[in-house]
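Below you'll find the structure, written out as structure tokens, and then a few comments.
Each value in this text was obtained by applying a stated rule to the coordinates, not by laboratory testing. Everything numeric here is computed off the predicted structure, so don't read it as measured data. Cβ coordinates were reconstructed from backbone atoms using ideal geometry, including for glycine residues, and neighbour counts include every protein chain displayed.
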Amino acid sequence: MTIKTVGIVGCGLMGSGIAQVVAQAGYPTTVVEASQDLLDRGLGGIRRTLMGLTERGKLPRSDAEATLGRLTGAVDLGALQACDLVIEAITENVELKKETFARLDELTLAHTILASNTSSCTITELAAATGRPGQVVGLHFFNPAPVMKLVEVVRTILTDEASFKTAWSFVQSLGKTPVATQDTTGFIVNRLLVPYLLEAVRLLESGVASKEDVDEAMRLGCGYPMGPFRLLDLVGLDTTLYVAEVMFSEFREPRFAPPPLLKRLVAAGRLGKKSGQGFYDYVKSQA
């Protein structure tokens with residue numbers, strides 16, 4: 001099957017980024033949010049991003065306007081009825097996702113492929129909430145979606161070969177690089193990344209080294225673009241804590257257990273760059 005029209009459920013940080021990527025690739029794209037305010041905020045963010053690229057000479061204005069022209073917003077899932085592919089990018093709440101998939105199953109055409117951008121929920125569980133489990137896949141984009149080249153294409157034990165191949169080709173059409181993974185908690189990247197981030201927090205907790213020295217060691221010693229504490233602040237400490245708890249619940253291995261320091265920082269509202277403070281203080285650095 002050829003994908004011609006795409007729907008996105010959710011216009012937050014990830015949903016808006018995915019919508020921008022899809023529309024820039026030439027697909028008519030419909031974005032659905034829970035309220036008009038959230039929709040306006042998300043679409044407004046896409047416009048500002050595109051206009052910013054234009055002002056910096058990185059994107060012709062005609063391309064930016066064409067991308068915006070391919071974007072449509074709605075507050076009703078019914079607007080996605082005619083889409084060939086729908087990508088869910090809402091909050092990491094498995095019950096809410098299952099309700100969304102069940103509703104999409106009722107609303108969309110028989111050939112429509114349903115995908116989730118989840119980083120922690122089980123795709124199989126979402127597929128089982130529908131009457132078309134063979135047409136459900138994971139499409140895990142990375143933040144920021146317009147910049148990051150990788151997409152994990154997740155296959156469940158129920159996914160049919162045609163749907164997987166269509167999803168794979170779609171990712172390539174976006175100019176992204178797909179990697180194939182089975183449906184296991186954390187997929188590839190988070191399965192390896194989360195224990196690394198948590199171990200960095202344990203190093204700090206135990207007094208082995210300062211956060212600055214750990215970051216510098218991994219940046220210069222391993223060639224990483226940033227150290228684990230800068231990355232934690234960028235990803236969001238609350239997001240990391242949530243994913244770690246899901247992974248620990250699944251595998252019951254100590255390497256996935258969230259360290260007490262991470263829990264305390266989240267409880268204190270220090271969530272990283274988005275809150276102004278995490279392991280580093282971004283308010284002071286901007287003063």
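Values computed for the structure shown
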{"item": "Test: residue in the stretch 142-152 that is over 18 Å from the mean Cα position of the chain (by Cα) and either surrounded by fewer than 17 Cβ atoms within 10 Å (Cβ to Cβ) or closer than 16 Å to Gly10 by Cβ (or both)", "result": "no"}
{"item": "Residue ID - nearest to Val201 (Cα to Cα), chosen from residues in the stretch 212-256 that are of a type in the set (Lys, Arg) and surrounded by fewer than 20 Cβ atoms within 10 Å (Cβ to Cβ)", "result": "Arg255"}
{"item": "Residues of the stretch 173-204 classified as surrounded by 13 or more Cβ atoms within 10 Å (Cβ to Cβ), of a type outside the set (Ser, Thr, Tyr) and part of a helix (DSSP H, G or I), total", "result": "14"}
{"item": "Selection from the stretch 145-166 of residues that are over 15 Å from Arg132 (Cα atoms) and not basic (Lys, Arg)", "result": "Ala145, Pro146, Val147, Met148, Leu150, Val151, Glu152, Val153, Val154, Thr166"}
{"item": "Within the stretch 130-170, tally of residues that are touching a residue at least 24 places away in the same chain (Cβ under 8 Å), among the acidic types (Asp, Glu) and farther than 20 Å from Ser16 by Cα", "result": "1"}
{"item": "The stretch 108-118, residues that are surrounded by 17 or more Cβ atoms within 10 Å (Cβ to Cβ) and out of contact with any Ser or Thr (no Cβ under 8 Å at 6 or more places or on another chain)", "result": "Thr108, Thr112, Ala115, Ser116, Asn117, Thr118"}
{"item": "Qualifying positions in the stretch 113-148 - out of contact with any strand residue (DSSP E or B) (no Cβ under 9 Å at 6 or more places or on another chain) and among the β-branched types (Val, Ile, Thr)", "result": "Thr122, Val147"}
{"item": "Residues within the stretch 242-279 that are touching a residue at least 12 places away in the same chain (Cβ under 8 Å) and not in a helix (DSSP H, G or I), tallied", "result": "8"}
{"item": "Scope the stretch 62-94; condition aliphatic (A, V, I, L, M) and under 21 Å from Arg132 (Cβ atoms); matching residues", "result": "Leu77, Ala79, Leu80, Ala82, Leu85, Val86, Ile87, Ala89, Ile90, Val94"}
{"item": "Test: residue in the stretch 48-55 that is under 25 Å from Val246 (Cα atoms) and over 21 Å from the mean Cα position of the chain (by Cα)", "result": "no"}
{"item": "Which numbered condition Gly131 misses (of (1) closer than 22 Å to Ile8 by Cα; (2) among the small types (Gly, Ala, Ser); (3) more than 21 Å from the chain's Cα centre (by Cα); (4) part of a helix (DSSP H, G or I))", "result": "(4)"}
